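Participant: Handing you a structure now.
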Amino acid sequence: MIELRVLRKNFEKLKKGLIERGEKLENFFKILKIIENRKKITNSLQKLQQKLNEESKALSNSSIEEIDQRRSFLRNIRTNIQSLETDFQHLENTLTNLILKIPNLPQDDVPLGESEKNNLEIKQIGIPNKFNFKILDHVELGDKLGILDLERSSKISGSRFAFLKGSGSLLNRALMQYLCNFHAGHGDIELTVPYLVKYSSMQATGQFPKFFEDAFQISIPNSESYYLIPTSEVPVTNFHSNEILPEKELPLRYFSHSHCFRAEAGSAGRDTRGLIRQHQFEKVEMVRFCTEQQSEFEFAEMVSRASKILTELNLPHRIVSLCTGDLGFSSQKTYDLEVWLPSQGIYREISSCSIFGTFQSLRAKIKYRDAKGYLKPAFTLNGSGLPLGRTLVAILENNQQINGTVKIPKVLWKYMNGLKVLTRP
RNA sequence: GGAAGAAUGGCCGAGCGGUUUAAGGCACUGGACUUGAAAUCCAGCGCAAGGGUAACUUUGCCGUGAGUUCGAAUCUCACUUCUUCCGCCA
């Protein structure tokens, strides 16, 4: 969230950022107007409050008669105050709702552009395999190997769900073990998280109010709704909400394996085939809290961490800097890692590493106390490391062989009970 | 599910209708003393929103939201969370 104080002094900067992102300025102008109104009301409200305080205080040693005399006059002031307070509250709510819909501003080093076409490739790692036979996509492979069942899942839950089976389940589990151990091996703290969260938690990380339609809502009679987490970023970032972190403990590095749930409201008809875009998937997520000075280093470390995993898994990939128009709502800079998918002949997003600045921590009230004793909002970052489904897809497609079998990357062997190749049953 | 209690600044903790302008302590910051440190002493020290170039100043904030009152941290009601006890169930 943009701080009101900062916003008021940087209208031009905000406007520039919004234009770069391709946002409409409608809300921006509404905000300007409300701030002016709010100023007027605040002034008259404060004057009345001051008067009432002074008059009341003057009465503290008065006789009953004196109090009786002044009563109706003071009561009148109070009524006026209450009516102004109602107006103020209304304006304040409108203002807050508008500000919550303002996205984060891009950092200066984010490439300008309108859409993903303008994203900037930073580097390529690994060389895509050249296959001298007709390759299969992961759905065909999964079907032939008997490890993926999409027909039965649609019978039970509809589209965008899947069953893994046999050594497919084992591979999924092995991948999770490998990823978690990889991050734990770097000293990150593991969290196992709640999958249902409150509205306020979704608001704190930036999913709500703007992307309410993308979340699964769990309603219970006579009670506040829960929401299924779209990523463990939500519970892990909120792990420290309303907290003050000791500066000497920063940076704090967490990782968490969780299931993720997304309604995919805006993507009907897109990626309907296979495991690429599911309502439910598993992901290992990195989440970090740090100071502004530490943030660029943490960001770079996170990107290289994800890249290292892909390299260990022997998956060709590239790193791309998202342009201003393609940046996520809460992010001020994002590097996507894209893995090579032979069946589609393109690089597909497999990890997204973002630096949020103070955008989330101002919403979630995550602070730290600096050396001078001042409270400052912490910087938050997160990145996928990695999603299980898409990684599975990449492993199957990149490691397929002419006889229809799939080689399992060496780093997973020890989690596969000795299995090194997936073969047809 | 039932009963009782609690929630105050970064932390501990007093206050339970009007000198609260939230005591006192710890922590922190600046200074004095010291070769340096510790200890001691002096001073400062919350968040947010208005006004002012600034010094400064006004308002709001004692879990959240309503209410009573000229006046609420203090009284009333509802809610949330936590603690203890009882019951029930994995």
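The values are calculated or read from the model by the stated rules, or taken from the named source; none is laboratory data. Quick caveat, the model's predicted, so the values are computed rather than measured. Heads up, the Cβs are rebuilt from the backbone with ideal geometry, glycines too, and the neighbour counts pull from every protein chain shown. Areas reflect the complete protein model, heavy atoms only, side chains present, ligands, DNA and RNA absent. Shrake-Rupley method; radii C 1.70, N 1.55, O 1.52, S 1.80 Å.
Participant: 5 Å is the cut-off here: which amide hydrogens, built 1.01 Å from N in the peptide plane, fall below it relative to A:Ile189, excluding neighbours closer than 5 in sequence?
Facilitator: Residues meeting the amide H criterion: A:Arg253, A:Tyr254, A:Phe255.
Participant: Quick check on chain A: what does the Kirkwood estimate of hydrodynamic radius come out to from the alpha carbon pairs, in Å? Don't skip to the end; give the middle numbers.
Facilitator: Numbers: mean 1/r = 0.0409 Å⁻¹.
Kirkwood radius, chain A: 24.5 Å.
Participant: With a point put 7 Å past each Cα toward its Cβ, work out how far A:Lys407 is from A:Glu312 in nm, to one decimal.
Facilitator: About 1.9 nm, to one decimal.
Participant: How much length, in nm to one decimal, is gained on full extension between A:Phe212 and A:Ile64, taken as 0.36 nm per residue of separation minus their Cα-Cα distance?
Facilitator: Gain on stretching A:Phe212 to A:Ile64: 47.6 nm.
Participant: How long is the stretch A:171-237 along each principal axis, judged by its Cα atoms, biggest number first, in Å?
Facilitator: 43, 23, 19
Participant: Just report the Cα centroid separation between the stretch A:148-164 and the stretch A:245-287, whole Å.
Facilitator: 20 Å
Participant: Can you check what the net charge comes to around A:Ser44, using other residues whose Cβ is under 13 Å from the Cβ of A:Ser44 (Lys, Arg +1; Asp, Glu -1)?
Facilitator: Charge balance near A:Ser44 sits at +3.
Participant: What percentages make up the Cα-Cα pair-distance distribution of the stretch A:363-422 when the bins are 5 Å wide from 0?
Facilitator: Distribution as computed: 4, 13, 15, 15, 9, 6, 5, 7, 9, 9, 6, 3, 1, 0 percent.
Participant: Just how far, in whole angstrom, is the stretch A:200-226 from the stretch A:300-375 if you go by their alpha carbon centroids?
Facilitator: Distance between centres, Cα-based: 24 Å.
Participant: Which loop trypsin sites (Lys or Arg not before Pro) in the stretch A:367-401, with loop taken from DSSP, have no more than 10 other Cβ atoms within 10 angstrom of their Cβ?
Facilitator: A:Lys372
Participant: For the stretch A:24-99, what ratio Rg/Rh do Cα atoms give with a Kirkwood hydrodynamic radius?
Facilitator: A ratio of 1.21.
Participant: What FRET efficiency do you get for A:Gln49 and A:Glu3 if R0 is 30 Å and r is their Cβ-Cβ distance, rounded to the nearest 0.05? Mind dumping the intermediate values first?
Facilitator: Working: r = 25 Å, r/R0 = 0.82.
Rounded to the nearest 0.05, the efficiency is 0.75.
Participant: Pulled fully out, how much extra length does the chain show between A:Phe297 and A:Ser219, if you take 0.36 nm times their separation in residues and subtract their Cα-Cα distance?
Facilitator: 23.9 nm
Participant: While we're looking at this one, here's another question. Once you've got the GNM for chain A with C-alpha springs shorter than 10 Å, pick whichever of A:Phe161, A:Phe297, A:Phe133 has the biggest mean-square fluctuation.
Facilitator: For chain A, modelled as a Gaussian network with Cα springs under 10 Å, the answer is A:Phe133.
Participant: If you bin the C-alpha pair distances of the stretch A:304-425 every 5 Å from 0, what whole percents do you get?
Facilitator: 2, 10, 16, 16, 14, 12, 9, 8, 6, 4, 2, 1, 0, 0
Participant: Given the stretch A:1-152, report the % of alpha carbon pairs whose separation exceeds 20 Å. Write down the numbers at each step before the final one.
Facilitator: Details: 8229 of 11476 pairs.
It works out to 72 percent of all Cα pairs.
Participant: If each residue of separation counts as 0.36 nm, what is the full-extension length gain between A:Ala184 and A:Glu121 once their alpha-carbon separation is subtracted?
Facilitator: Full extension of this stretch gives 19.7 nm more.
Participant: What are the trypsin sites (Lys or Arg not before Pro) within the stretch A:396-425 that DSSP puts in a loop, where the Cβ has at most 13 other Cβ atoms within 10 Å?
Facilitator: Of the trypsin sites (Lys or Arg not before Pro), the ones in loops of the stretch A:396-425 whose Cβ has at most 13 other Cβ atoms within 10 Å are A:Lys420.
Participant: Then there is this: Just to make sure I understand: if all protein chains stay in place, what is the order of A:Arg173, A:Arg253 by accessible area at 1.4 Å, largest first?
Facilitator: A:Arg173, A:Arg253
Participant: Aspartates and glutamates near A:Lys198 by alpha-carbon distance under 19 Å, same-chain residues fewer than 8 away left out - which ones?
Facilitator: Counting by Cα, and skipping residues close in sequence, A:Lys198 has these aspartates and glutamates nearby: A:Glu213, A:Asp214, A:Glu224, A:Glu233, A:Glu243.
Participant: Show me the chymotrypsin sites (Phe, Trp or Tyr not before Pro) within the stretch A:316-399 that DSSP assigns to loop and that have at most 13 other Cβ atoms within 10 Å of their Cβ.
Facilitator: A:Tyr374
Participant: How far is the Cα center of the stretch A:40-84 from the Cα center of the stretch A:384-425, in Å?
Facilitator: The distance from the Cα centre of the stretch A:40-84 to that of the stretch A:384-425 comes to 76 Å.
Participant: Grab the other residues whose beta carbon is less than 15 angstrom from that of A:Ser157, score K and R as +1, D and E as -1, and report the net.
Facilitator: Net charge around A:Ser157: +2.
Participant: Let me ask another. Sorted from largest down, give the three principal axis spans of the alpha carbons of the stretch A:318-370, whole angstrom values.
Facilitator: Answer, in whole Å and largest first: 50, 20, 16 Å.
Participant: With r defined as the distance between the Cβ atoms of A:Thr192 and A:Arg71 and R0 fixed at 60 Å, what FRET efficiency is calculated, to the nearest 0.05?
Facilitator: 0.50
Participant: While we're looking at this one, here's another question. How big is the stretch A:58-128 by Rg and Dmax over its Cα atoms, in Å?
Facilitator: Over the stretch A:58-128's Cα set, Rg and Dmax evaluate to 29.6, 93 Å.
Participant: Here's something else I'd like to know. Can you give the calculated 222 nm mean residue ellipticity of chain A, where each DSSP H run of n ≥ 4 adds -39,500 (n - 2.57) and the sum is split over every residue, rounded to the nearest 500 deg cm²/dmol?
Facilitator: When only DSSP H runs of four or more count, the value is -13000 deg cm²/dmol.
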